[in-house]
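Presented below is the structure to which this report refers.
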Amino acid sequence: MGIKYKVNELRPGMVLDKDIVTLQGQTLANAGDELTRNLIARISFYSIFDVEIRPEEEVKKEEEAKKDVPAKEPPKSDNKTIPYSQKMKSTKVYQTFQMDYSRNLATMRGVFYRIQKEDRPNVDFNSILRDVSALFAQKTVLDLFDILHTMHSLDDAVYVHCLNVSLIARGIGRWMQADTDTLNLLTIAGYFHDIGKITIPPQVLNKTGKLTDEEFAMMKQHPLNGKKLLEKVPHIDSRILFAALQHHERNDGSGYPRGLSGDEIDPVASVIAVADVYDAMTTARVYRAPLCAFQVIGAFEEDGLQKYSPKIVMTFLSRLAGAYQNARVILSDGRRCKVVYIHHHQNCMSRPIVQFDDGEILDLLTQPKSLYINSII
């Protein structure tokens, strides 16, 4: 069984015990591969929070065979439990939202195409803002986030992700009590943040196998490509350009394309960065189910807090965790319970106090990390 290491603990020569797959579903390395400095840098660039390493004694035993160990299957979900987001699919509210959402995607495809093909594309930002903001109508931020978890399409992955990030960024702005102008700016910045990916060949962008060095370098160009595309749009706000360019930069300097840190990163881009990662983690992938809110919070706590603007990420995680106070959940050992208290301090929000149906109280903060909230009912 592999041992989990944080990215900053990795050293060249270690052997992977499990495939490393990005949040977008691309394989960076396979089980049995030996870590190199270049591979460790790739893992960091893709915001992988931890990696399973094969114990040294096992490596020695298998050194001659040099056979990859197959990736472990992800834990099977409880088929008897229907997540809240799935229950919503049968409601009229959801079906109306889905139609409006699809119309927004169609508009986005046309806008992105014009920006790519025309020298001075005319973009009606007010119309985009009106249509996207309408998706928020009569919904709480949490309701919207739950619905977005179900919006995914392999054919429209870039557009779905951009629209989701646009809405999530607006939700984060609301939680941060931003003014209307800032909310609108975050909405538009999220909408266009990944436009650079339309310049990446589909066979690279949608590849599920391991990327070559050339393909990896190509993928890392999408923030620069996005900024270049958006620069063609007359009178565009410079902060929208920064969001496209900097949404993969990290507060600790570990991001790309320029390795910026701290105050060097535009505040709008810092919000988009959090929204970008949250959507990637909560979207279903071919190799795993979407992560629940507490798993996402735990991932940020494990390695993400120093990578993002402290004010933004702590506000986001605190409000997200607090929204699930009194929620029914399933633990990793299959037991069902209710969240009765959230620890609102750093590195503890993903491990609340829960209560079982027989009245027993359990503080997950005092339990082994192998016991955690696996899903929300």
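Structure above, values below:
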{"read-out": "Residue within the range 261-277 that is in a helix (DSSP H, G or I), in contact with a Phe, Trp or Tyr (Cβ under 8 Å, 6 or more places away or on another chain) and hydroxyl-bearing (S, T, Y) present", "value": "yes"}
{"read-out": "Single residue of I377, I361 found to be open to solvent by 40 Å² or more (accessible area, probe 1.4 Å), within 23 Å of the chain's Cα centre (by Cα), more than 24 Å from D303 (Cα to Cα) and not small (G, A, S)", "value": "I377"}
{"read-out": "Members of the range 256-275 that are in contact with a Gly (Cβ under 9 Å, 6 or more places away or on another chain) and among the hydroxyl-bearing types (S, T, Y)", "value": "S261"}
{"read-out": "Count of residues meeting criterion [hydrophobic (A, V, I, L, M, F, W, C) and either in contact with a Pro (Cβ under 8 Å, 6 or more places away or on another chain) or farther than 30 Å from N206 by Cβ (or both)] in the range 153-195", "value": "5"}
{"read-out": "Filter result for G196 (open to solvent by less than 40 Å² (accessible area, probe 1.4 Å) and either touching a Lys or Arg at 6+ places or on another chain (Cβ under 9 Å) or β-branched (V, I, T) (or both))", "value": "yes"}
{"read-out": "Those residues of the range 214-248 which are without any contact (Cβ under 8 Å) to a residue 60 or more places away in the chain, assigned to a helix (DSSP H, G or I) and more than 20 Å from L260 (Cβ to Cβ), in sequence order", "value": "E214, E215, M218"}
{"read-out": "Filter result for the condition that a residue is crowded, with 22+ Cβ neighbours inside 10 Å and closer than 30 Å to G259 by Cβ, over I312, I297", "value": "I297"}
{"read-out": "Considering residues of the range 250-294 that are touching a residue at least 60 places away in the same chain (Cβ under 8 Å) and among the basic types (K, R) only, the residue most open to solvent (accessible area, probe 1.4 Å)", "value": "R285"}
{"read-out": "Members of the range 13-34 found to be at pLDDT below 85 and either out of contact with any helix residue (DSSP H, G or I) (no Cβ under 7 Å at 6 or more places or on another chain) or assigned to a loop (DSSP other than H, G, I, E, B) (or both), listed by number", "value": "V21, T22, L23, Q24, G25, Q26, T27, N30"}
{"read-out": "Residue selected from the range 201-232 under the condition in contact with a Phe, Trp or Tyr (Cβ under 9 Å, 6 or more places away or on another chain) and within 22 Å of N126 (Cβ to Cβ), by the criterion surrounded by the most Cβ atoms within 10 Å (Cβ to Cβ)", "value": "G226"}
{"read-out": "Condition broken by Q355, with the remaining ones in (1) touching a Lys or Arg at 6+ places or on another chain (Cβ under 6 Å); (2) buried (at least 21 other Cβ atoms within 10 Å of the Cβ); (3) not acidic (D, E) satisfied", "value": "(2)"}
{"read-out": "Pair list, Cβ < 8 Å and 6+ apart or interchain, from the range 329-342 residues that are on the phi > 0 side of the Ramachandran plot to residues that are of a type outside the set (V, I, T) and open to solvent by 10 Å² or more (accessible area, probe 1.4 Å)", "value": "G334/D78"}
{"read-out": "Pairs with Cβ under 6 Å, 6+ apart, first in the range 184-195 and within 14 Å of P267 (Cβ to Cβ), second polar (S, T, N, Q) and part of a helix (DSSP H, G or I)", "value": "G190/S166"}
{"read-out": "The range 114-129, subset touching a residue at least 60 places away in the same chain (Cβ under 8 Å) and not in a loop (DSSP other than H, G, I, E, B), residue surrounded by the fewest Cβ atoms within 10 Å (Cβ to Cβ)", "value": "Q116"}
{"read-out": "The range 300-309, residues that are open to solvent by 10 Å² or more (accessible area, probe 1.4 Å) and closer than 22 Å to Q177 by Cα", "value": "L305, S309"}
{"read-out": "All helices (runs of 4 or more DSSP H) inside the range 134-213 with 1 or more residues being touching a strand residue (DSSP E or B) at 6+ places or on another chain (Cβ under 6 Å)", "value": "none"}
{"read-out": "Single residue of S370, S332 found to be among the small types (G, A, S) and either closer than 25 Å to D143 by Cβ or open to solvent by 50 Å² or more (accessible area, probe 1.4 Å) (or both)", "value": "S370"}
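The values are calculated or read from the model by the stated rules, or taken from the named source; none is laboratory data. On a predicted model such as this, the values are computed, not experimentally measured, just so you know. Please note: Cβ atoms are built from the backbone with ideal geometry, for glycine as well, and neighbour counts cover all protein chains shown. The protein model used for the area step is the full one, side chains on, heavy atoms only, and it has no ligands, DNA or RNA in it. Shrake-Rupley method; radii C 1.70, N 1.55, O 1.52, S 1.80 Å.
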